[in-house]
Amino acid sequence: MSILCGVPLLECVYCLACARWAWKRCLHTAGHDSETWGLATAEEFEPIPRLCRYILAVYEDDLRQPLWEPPGGYGIKPDWLILRRTYEDTHGRAPPYILYLDHDHADIVLAVRGLNLARESDYAVLLDNKLGKRKIDGGYVHNGLLKAAGWVLDAECDILKELVEKYPNYTLTFTGHSLGSGVAAMLALVVVLHHDKLGNIDRRRIRCYAVAPARCMSLNLAVRYADVINSVVLQDDFLPRTATPLEDIFKSLFCFPFVLQSAVPTMFKVHERYLYSG
């Protein structure tokens, strides 16, 4: 009606509202969300740099001859590496990971690598979800990440149980970055819920350090598992600070290259058929 009158008032109001929403979403300084939180103690922060190096070590093909070793090295002794799983081993069901027996810190560490932009299977894990799709322990979790964590636990359950029972004074730590952090968080949650799978391991022995984590569980679960799962977020890091309603935007951004990949050859075939038929 407003267009017919020559004064598109409703359209202007709608555009301004959308612009205001986009401005607040994209330029909001998310660091303010946690500015009132207390500071971590030195003891609480101590494992984080070490675990970050372990995560980086997952990217290496051979830890005895590393190609991208950071200054000071990975801090990993190759002889203590229990296993290393690649995409070929996981068949795309989960990102690559390593299991490391850290005798220096009395820790059994399972470290998962982050999102590989060149792997469609990683996108499949990340995008396998919708709001309220997967319920667990009275809350909601990311479906694809939970399935990936379940695959890892099923694959390594026996060796983890053996290590936990052989070293009763060692902690069991799950850690990862980005996509891997979501898998690690789901692993910690599932192990706590089904501790009998690992010989009735005590909850106090289970830890998770999720570095730049994707949002993968509802708030009530995050609060109840805060003694186990620790999120490590650097200032305004985009992925952890992104609100859940932006899921559709992520899907559009991630799926667009694959849409082009499948659409462009089709367009050429149609054009070629048109030329031949003409």
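Rule-based calculations on the coordinates, nothing more; no lab input. It should be emphasised that the depicted structure is a prediction, and the values quoted were computed from it without experimental measurement. We place every Cβ from the backbone using ideal geometry, glycine too, and count neighbours over all the protein chains shown.
The figures follow:
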item: Modelled FRET efficiency - R0 25 Å, ASN169 with GLN65, Cβ distances, 0.05 increments; result: 0.15
item: Dipole magnitude (debye, nearest 20) for the range 41-242, charges at Cβ of Lys, Arg, Asp, Glu; result: 720
item: Whole-Hz couplings from phi, Karplus 6.51/-1.76/1.60, listed for the range 148-159; x for Gly and Pro; result: 5, 5, x, 5, 4, 5, 5, 6, 10, 4, 5, 5
item: Pairs beyond 31 Å (Cα-Cα), from LYS77/LYS166; LYS135/LYS166; LYS133/LYS197; LYS77/LYS133; LYS130/LYS166; LYS130/LYS161; result: LYS135/LYS166; LYS77/LYS133; LYS130/LYS166; LYS130/LYS161
item: Ranked MET186, MET217, criterion: other C-beta atoms within 10 Å, fewest first; result: MET217, MET186
item: Relative contact order of the range 41-242, pairs being alpha-carbon contacts under 8 Å that are 6 or more residues apart, as %; result: 18
item: Ranked list, fewest to most other Cβ atoms within 10 Å of each Cβ, for ILE108, ILE55; result: ILE108, ILE55
item: Ascending count of other beta-carbon atoms within 10 Å, so fewest first, for LEU234, LEU83; result: LEU234, LEU83
item: Segment THR36-ASP237, length gained on full extension (0.36 nm per residue, minus Cα span); result: 70.6 nm
